[in-house]
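Only one structure is covered here, and it is reproduced in the block below.
The values are calculated or read from the model by the stated rules, or taken from the named source; none is laboratory data. Nothing here was measured: the structure is a model prediction, and the numbers come from that model. Reconstructed Cβ throughout: ideal geometry from the backbone, glycine too, with neighbour counts over all protein chains shown. For the accessible areas, the whole protein counts, side chains as well, though only heavy atoms, and no ligand, DNA or RNA atoms are used. Shrake-Rupley method; radii C 1.70, N 1.55, O 1.52, S 1.80 Å.
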Amino acid sequence: MKLTVVGSSGSISGPESAASCYLLQAHDGDRTWQVLLDLGPGAVGQAMRYVDPAQVDAVLVSHLHADHIADLAGLEVLIRYGPGAPRPPVPVYGPVGTRARIVQLCGESGDPDHAFTVTTWQPGTPVHVGPFVIEPFEVEHPVPAYAMRITGPSAESAGTRVLTYTGDTDHCAGVTLAARDAHVLLSEAAFQEERDQVRGIHLTGLRAGQLATAARAGRLILTHIPPWTCAATVRTEATGTYAGPIEVAEPGATWLI
Ligand SMILES: [Zn+2]
């Protein structure tokens, strides 16, 4: 499978990037399957660089904070009024309340029930989208939030590979379970040690490194770094707690997993 960073900015969109959005693609049978992980502000436009957003096989939503879902309103407009409109509905998977949140985002003139089919995550129940198997794990954040453990076809061999996306979370049992032995751990690291002492919301670079080590992840990609935070500082924190390869997600970056 191929991971492409559509937007990596944390908490809000930034001068160099849309907010949270990642494209995952894999070939199976005679076509390429593609899913978007979250759809933050600015992400629909940036996703057009790589895919027709109205044609993705699913949008997988980690939680309902605006910086992860605001562009579902943009996608609804694209499905209703864009080329070939109206397009078939796009499946959306998310926490309890996802449909109501989309209705809220789209406003009275929106028509989200024709744009989306919404399914609620059930912890412990995997979701199948083409060749992808997505397992949601409850994590620690101020609202219901999920990490996603995604198993899909290897880009390099006949077997499968695992990508774990943390969504937003502090270090907790759920995210460690989601990330166990993952080949790639795409981890938020919005906070900085010392500067951000509140717990139960976000990881830091240090704690993302601890997570990667505890889970025996093969590679750590740090993301969700807000525009006011120095990515190099976050990365340096992670190098102190994780000995494997560490990178910082930037728009357009890709990995063959
Ligand atoms: Zn959040």
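If you stretched the chain out fully between Arg49 and Thr239, how much longer would it get, using 0.36 nm times the residue separation minus the C-alpha to C-alpha distance? Present the calculation step by step, with values, prior to reporting the outcome.
Details: separation 190, 0.36 × 190 = 68.40 nm, distance 3.19 nm.
My answer for the length gained is 65.2 nm.
Using a/c under 1.5 as the rounded threshold, could you call the range 175-257 rounded, prolate or oblate? The axes a ≥ b ≥ c are square roots of the C-alpha gyration tensor eigenvalues, and prolate needs a/b larger than b/c, oblate otherwise.
Details: a/c = 1.72, a/b = 1.23, b/c = 1.41.
In terms of gyration-tensor shape, oblate.
Among rounded, prolate and oblate, which fits the range 77-202 when a ≥ b ≥ c are the square roots of the eigenvalues of its C-alpha gyration tensor, a/c under 1.5 means rounded, and a/b larger than b/c means prolate? List each step's numbers first, then the result.
Values: a/c = 2.20, a/b = 1.30, b/c = 1.70.
Because a/c hits 1.5 or more and a/b fails to exceed b/c, the range 77-202 counts as oblate.
Which loop-located trypsin sites (Lys or Arg not before Pro) does the range 76-123 contain, where loop means any DSSP state but H, G, I, E or B and the Cβ has at most 12 other Cβ atoms within 10 Å? Can you show the working numbers first?
Values: sites: Arg80, Arg99, Arg101; in loops: none.
Filter output for the range 76-123: empty list.
Between Tyr81 and Ala253, what length comes free when the chain is fully extended (0.36 nm per residue of separation minus the Cα-Cα distance, one decimal in nm)? Kindly include the intermediate steps, with their values, before the conclusion.
Values: separation 172, 0.36 × 172 = 61.92 nm, distance 2.98 nm.
Extra length from Tyr81 to Ala253 when fully extended: 58.9 nm.
Per residue, how much accessible area does the chain have with a 1.4 Å probe, in Å²?
Details: 10310 Å² over 257 residues.
That works out to 40 Å² per residue.
Quick check for you: which residues of the range 200-233 have the amide N under 13 Å from the point 7 Å beyond the Cα of Glu193 toward its beta carbon?
In the range 200-233, the label zone of Glu193 (backbone N under 13 Å from the point 7 Å along Cα→Cβ) covers 204-211, 233.
Within 10 Å of each candidate Cβ there may be at most 13 other Cβ atoms; applying that plus a DSSP loop requirement, which GluC sites (Glu not before Pro) in the range 160-196 survive?
On the way: sites: Glu188, Glu193, Glu194; in loops: Glu193, Glu194.
Passing both the DSSP loop test and the Cβ count: Glu194.
Points 7 angstrom from Cα along the Cβ direction at Ile201 and Ala173: gap in nanometres?
2.5 nm
Probe radius 1.4 Å, ligands and nucleic acids ignored: give me the carbon and sulfur share of the accessible area of the range 2-256 as a rounded percent.
Numbers: 5420 of 10290 Å².
With neighbouring chains kept in place, the figure for the range 2-256 is 53 percent.
Which net charge results for the neighbourhood of Thr204, defined as the other residues with beta-carbon distances under 15 angstrom from its beta-carbon, given Lys and Arg at +1 and Asp and Glu at -1?
Combined, the nearby Lys, Arg, Asp and Glu give -4.
Based solely on its DSSP helices, what 222 nm [θ] is calculated for the chain when runs of n ≥ 4 H residues each add -39,500 (n - 2.57) and the sum is averaged over all residues, nearest 500 deg cm²/dmol? Provide the component values of the computation, followed by the final result.
Details: 8 runs with 59 residues, N = 257.
The helix-only estimate for the chain comes to -6000 deg cm²/dmol at 222 nm.
So, counting K/R as plus one and D/E as minus one, what does the shell of residues with Cβ under 12 Å around Gly124 add up to? Present the calculation step by step, with values, prior to reporting the outcome.
Values: positive: Arg149; negative: Glu135, Glu138.
Neighbour charge sum, excluding Gly124 itself: -1.
Taking only the alpha carbons of the chain, what extent do you get along each of the three principal axes, in Å, biggest first?
If we take the Cα atoms of the chain, the spans are 51, 42, 33 Å.
By how many nm would the segment from Thr125 to Ala66 grow when fully extended, if each residue of separation counts as 0.36 nm and the alpha-carbon distance is taken off?
Working: separation 59, 0.36 × 59 = 21.24 nm, distance 2.53 nm.
That works out to 18.7 nm of additional length.
In the range 199-257, which trypsin sites (Lys or Arg not before Pro) are in a loop and have at most 15 other Cβ atoms within 10 Å, using DSSP for the loop call? Intermediate results must be reported in sequence, preceding the final value.
On the way: sites: Arg199, Arg207, Arg216, Arg219, Arg235; in loops: Arg199, Arg216, Arg219.
Qualifying residues, ordered by number: Arg199, Arg216.
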